[in-house]
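Working notes, structure below.
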Amino acid sequence: MKTQQHNKNANSKREVIYFAGGCLWGVQEFIKHLSGVFATEAGRANGLTDTTKGTYDGYAECVEVSFDPSAVNVNELIGYFFEIIDPYSLNKQGEDVGKKYRTGIYSKQSSHLKTAIGFIKHRDDADKIVVEILPLLNYVKSDEEHQERLTRFPNDYCHIPKKILHKYKSS
């Protein structure tokens, strides 16, 4: 089940982008509170197989983000994403270690990928950043246990500090 965040006009345009930033629980909890985000879903992206049955071989834990580009643009979403990741850490975010915890930005829209490349290119530290920027090759929704995990269990481990995790959460 996708978590619906905002009731928008039915005529609003929707776009989708995928963010991998360590354990997906925290990424989903942070992003779902952003203005302009319609829905989030915990999942896995760009694995080596077409299914995760029995294995998540090569997959990155990620969050599918459905958003209204007239309310929040891709560059802004990437800026928010960079608030919750260590962009210099390869295959590690906090205590989460391994290739499945790599950082990445994935999309089926080339314009999203070009925006992500431009976002990084214009940073002074661009040569140190190890965030993948790739077309979305495949995506598998996570099981219900992983959906909205930190909403249901707010004291579970999360690599994102709580003061940042709920920075954009309205009261």
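If you check Ser66 against the conditions, is it of a type outside the set (A, V, I, L, M, F, W, C), modelled with pLDDT of 95 or more and over 17 Å from the mean Cα position of the chain (by Cα)? Break it down into steps so the answer makes sense when it comes.
Values: of a type outside the set (A, V, I, L, M, F, W, C): yes; modelled with pLDDT of 95 or more: yes; over 17 Å from the mean Cα position of the chain (by Cα): no.
Taking the combined requirement at face value, the residue does not satisfy it.
So that you can scan it fast, the table gives a plain yes or no per residue for (1) closer than 18 Å to Phe19 by Cβ; (2) surrounded by 17 or more Cβ atoms within 10 Å (Cβ to Cβ); (3) more than 13 Å from the chain's Cα centre (by Cα); (4) at pLDDT below 85:
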{"position": "Ile133", "(1), (2), (3), (4)": "yes, yes, no, no"}
{"position": "Leu136", "(1), (2), (3), (4)": "yes, yes, no, no"}
{"position": "His146", "(1), (2), (3), (4)": "yes, yes, yes, yes"}
{"position": "Phe153", "(1), (2), (3), (4)": "no, no, yes, yes"}
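Just to check your reading of the model, which residue among Thr40, Thr103 is surrounded by 21 or more Cβ atoms within 10 Å (Cβ to Cβ) and in contact with a Pro (Cβ under 8 Å, 6 or more places away or on another chain)?
The unique qualifying residue is Thr103.
Which numbered condition in (1) touching a strand residue (DSSP E or B) at 6+ places or on another chain (Cβ under 6 Å); (2) surrounded by 15 or more Cβ atoms within 10 Å (Cβ to Cβ); (3) over 23 Å from Glu145 (Cβ atoms) is the only one that Ile120 fails?
(1)
Taking Asp86, is it modelled with pLDDT under 95, under 16 Å from the mean Cα position of the chain (by Cα) and among the acidic types (Asp, Glu)?
Working: modelled with pLDDT under 95: no; under 16 Å from the mean Cα position of the chain (by Cα): yes; among the acidic types (Asp, Glu): yes.
Against the criterion (modelled with pLDDT under 95, under 16 Å from the mean Cα position of the chain (by Cα) and among the acidic types (Asp, Glu)), Asp86 does not qualify.
Residues of region 58-70 being surrounded by fewer than 20 Cβ atoms within 10 Å (Cβ to Cβ) and under 11 Å from Glu15 (Cα atoms), which ones?
Scanning region 58-70 gives Ser66, Asp68, Pro69, Ser70.
The values are calculated or read from the model by the stated rules, or taken from the named source; none is laboratory data. Worth saying up front: this structure is predicted, and the values here are computed from it rather than measured. FYI the Cβ positions are ideal-geometry reconstructions off the backbone, even for glycines, and counts take in every protein chain you see.
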